[in-house]
Amino acid sequence: MEKLRIIVNEIAYTQDYSKLSITQRSLIPLLALSSSLYSVALSLRRYLYRSGIFSKHRLAVPVISVGNLTWGGNGKTPMVKFIAQFLAHSRISPLILTRGYAGGDEAKMLARHLGKSVKIGIGANRAAVAASFLKQYGHRDPHGDLFKGSWADSKIGSTSDSEKIDLVVLDDGMQHWSLHRDLEIVMINGLSPWGNCQLIPLGPLREPLTALRRADVAVVHHANLATEQNLKDIEIMVREIKESLPIFFTGIIPSHFLEVGNINFRIPLSIIHNAVVLCVSAIGSARAFVQGMGKMGAFHVDRIDFSDHHLFQTRDIETIMTKLRALEDKLGSKPVVVLTEKDYDRDPEILRHMSPFKVLVLCSELEIIPKRGHTEDSFRKLLKQLLETKW
């Protein structure tokens, strides 16, 4: 199954099918038929919501949705974390709603970084999860002081008030139509934005690109690794669909490492300078992860990629160990394994079984890159403005 996922992913991000293997080309008719059926189902679902046959749940507090149009690697969860931290620092109490893929790796990562300042609800039925949290903790009136004047002065009250929920942040929410949202942020992968522009499974698109019309803000992620021409091409495409859509640019900036088995101790990034590094990941955009390692001064960077949210098995550890021994024999230096936080949080225990090789977890922060006059400050001001206007 893992090999099939990799093959399908390669097809989805290939513009010229003649470069594919015979096996890959033989799958295209089946994938195309599946994409056609998916398109029909998507259109039917859209019609049922627009006609009111399927209802949308509206919560008692504003909802910010962070989503995308393609599968994985678009920076949704880092953006959710960024927004939640901004709200918490402004003394606004957010509830994050996440589906909880693969044992909730993203939820675990968010909880570790955000602590008790942010509530996290996990479950496929996010409207029901939100209702449960709102019933348990209550909510503050969003028509009161929350959006009046300075957000930083808005949360003054008793200790019990601090437990109340002010706002919901919906992780991976663009296709979660059953929950009404007040602000729609769409994340775009600056390294590989649309693939072959086909719907899944032939391509990476969850919806046609025209769905960008629903967005209030577009964010091009991995902009620090993409070429200027790629960024311009993305802007042109977005403007053709919705000319007025504000476009921001973000990147994942490495901050430090943690060591598997001792995650309470921060290790500086300089540890991999001139080292042999094996990047192991099961994320949506391994390319960005590997490129980042190369820019940090490693002597040699190799990689083993698994599909997004893949749960590591014993056989996977054996594959990794075989690769590590081969690199050590070839280069005469003991390699270091580097994982992402999502990969660590999925199953920390199995990652302990790679002795005598050191296993590091890369910690990073999302940053808004100043471009085209758009900065982190203007992004925050726009969020506040749009929420005040829409609610």
Sequence-separation-based contact order of the stretch 274-391, relative, with Cα cut under 8 Å and 6+ spacing, percent: 25 percent
Dipole magnitude of the stretch 256-318 about its Cα centre, charges +1 at Lys/Arg Cβ and -1 at Asp/Glu Cβ only, in debye to the nearest 20? 220 debye
Just grab the label-to-label distance for Lys56 and Tyr13, each label 7 Å out from Cα along the Cβ direction, in nm (one decimal). 3.2 nm
Tail weight of P(r) past 14 Å, computed on alpha-carbon pairs of the stretch 301-342, percent: 52 percent
When the dipole is taken about the Cα centre of the chain, and only Lys, Arg (+1) and Asp, Glu (-1) are charged at their Cβ, what size is it in debye, to the nearest 20? 580 debye
P(r) tail fraction, the stretch 176-322 - alpha-carbon pairs more than 26 Å apart, %: 40 percent
Bounding extents of the stretch 278-354 in its principal axis frame from Cα atoms, largest first in Å, are 31, 25, 16
For a Förster distance of 41 Å, can you work out the FRET efficiency between the beta-carbons of Asp141 and Tyr38, rounded to the nearest 0.05? 0.50
Expected output is a single nm value to one decimal: the length gained when fully extending between Lys116 and Arg214, i.e. 0.36 nm times separation in residues minus the C-alpha distance. What is it? 32.0 nm
If you roll a 1.4 angstrom probe over the protein chains with everything in place, what fraction of the accessible area of the chain belongs to carbon and sulfur, to the nearest %? 54 percent
With every protein chain present, what accessible area does Ser18 have (1.4 Å probe, heavy atoms only), rounded to the nearest 10 Å²? 80 Å²
With the 1.4 Å probe rolled over protein heavy atoms, the stretch 1-126 has an accessible area per residue in Å² of 50 Å²
If each part is reduced to its alpha-carbon centroid, the stretch 182-209 and the stretch 44-82 end up apart, in Å, by 14 Å
log10 of Debye I(q)/I(0), alpha-carbon scatterers only, for the stretch 202-281 at 0.15, 0.16, 0.26 Å⁻¹: -0.76, -0.80, -1.36
Dipole axis of the chain (+1 Lys, Arg; -1 Asp, Glu on Cβ), positive-most option in Leu170, Val277, Thr70: Leu170
Given that just one value was derived from the coordinates, which of (i) 4, 21, 30, 27, 13, 3, 0; (ii) 5, 22, 31, 23, 13, 5, 1, 0; (iii) 4, 18, 24, 21, 15, 12, 5, 1, 0 is P(r) over Cα pairs in 10 Å bins from 0, in percent? (i)
Could you list, bin by bin from short to long, the percent of Cα-Cα pairs of the stretch 40-109 in 5 Å steps? 3, 12, 16, 19, 19, 16, 10, 4, 1
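The values are calculated or read from the model by the stated rules, or taken from the named source; none is laboratory data. The structure presented is a predicted model; accordingly, all values stated were derived computationally and were not measured. Cβ sites come from the backbone with ideal geometry, for glycine too, and all protein chains shown count toward neighbours. Remember, those area values only see protein heavy atoms, side chains included, never the ligands or the DNA or RNA. Shrake-Rupley method; radii C 1.70, N 1.55, O 1.52, S 1.80 Å.
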